[in-house]
């Protein structure tokens, strides 16, 4: 006779030990998934810990674990962000950090997050967003077979059905584009790039890591301006800019980060990074005792298959113009050449890009490029 199934229960994360379990459940969920890349545990812990992540200066969150038979079988967060309420309207709450081993745990976790959001006065839920739109937004719904690049999420195919079974529908899709960067630009785009280099009003420069804080402030100011009209946009605060700069600094290479200037004024930027996931995949999420030394050595002169453009923007005053495309393609071509010649890369990934951001989609659709992953942000009236 089979023993009765253990009862599922939901527990609020309250202690440091709980937070470690919250992080560690991902290793159970994806232990048989060859496409999953273990995140650095210290990074995830920092993300969810008030006092470490400045996101908590304008937002609050609760975390829960689903438990069965004394072991975690899922997790979720629910969050209310003052800046989201200002940008997207009163009543907009979010949930994220979602993982589950089965549909029962998934349903109970989503219901728990919704209950908390209602108690906080929210009338609409968006998810998954973990924790901010600047972290890992959206649920992977296409592109499961290939490992994600750095700073992008990976999920189980079952999640889509579990989320939709809870009453959620599509809010927006986010795309990433992949292309073979060994292929030269088509003549039409190359002529546009060449004319930009001849234009005395345009300057293209690399960032200077000796002035890193100043350069980071320029990049993030351009980002806040360039993305301000996008759906879901939330501005980065000064403390978040400093936090992001500190996290990005070890993977920033001066010859891969560009500022385009018009008449001496910053007008566009692009950040390209080596796919750090290729350098951390074998560390199993641990930097100590030996992972940190391995990673530092690999970061000295990284050689990777893929490069990623996680952030790019053109000043709002130029968007929709021929000049905006010209600046973008000038930076893309410079990065393409360096990525192949110096870093040994063969492929690049651009994104994420909102499905209704026509300007960025037109740039991302380079010759040979195609959508390789689709992430979906869901919504539901509470």
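Observations on the model:
- Full-extension gain in nm, residue 305 to residue 201, via 0.36 nm per residue minus C-alpha separation: 33.9 nm
- Residue 43 versus residue 239: modelled label distance in nm, points set 7 Å from Cα along the beta carbon direction: 2.3 nm
- You can think of it this way: the chain between residue 11 and residue 296 has 98.8 nm of extra reach, that is 0.36 nm per residue less the Cα-Cα gap.
- Ranked by how many other Cβ atoms sit within 10 Å of their own Cβ, fewest first, the residues 126, 8 fall in the order 8, 126.
- Calculated FRET efficiency, residue 24 to residue 211, Cβ-Cβ distance, R0 = 30 Å: about 0.15 to the nearest 0.05.
- Paramagnetic label zone (point 7 Å from Cα along Cα-to-C-beta, residue 263; backbone N under 14 Å) in the range 308-325: 317-318
- In units of the compact-protein estimate 2.2 N^0.38 Å, the range 261-300 shows a Cα radius of gyration of 1.85.
- Volume of the convex hull of the chain (Cα atoms only), normalised per residue: 145 Å³.
- Taking a ≥ b ≥ c as the square roots of the eigenvalues of the Cα gyration tensor, the range 249-382 is oblate, since a/c reaches 1.5 or more and a/b is not larger than b/c.
- Within the range 175-211, backbone nitrogen closer than 14 Å to the virtual label 7 Å beyond the Cα of residue 361 toward Cβ: 175-177
- The range 9-172: mean projected area of Cα convex hull, nm²: 9.2 nm²
- Separation of the residue 31 and residue 182 label points, Cα + 7 Å toward Cβ, nm: 3.9 nm
- Segment residue 228-residue 142, length gained on full extension (0.36 nm per residue, minus Cα span): 28.2 nm
- Helical content alone sets the calculated 222 nm signal of the chain at -10500 deg cm²/dmol, taking -39,500 (n - 2.57) per DSSP H segment of four or more residues and averaging over every residue.
None of the figures in this text is laboratory data; all of them are computed from the coordinates on show. What you are looking at is a predicted structure, and each value in this text was computed from that prediction instead of being measured. When we count neighbours, we look across all protein chains shown, and the Cβ atoms used for this are built from the backbone with ideal geometry, even at glycine.
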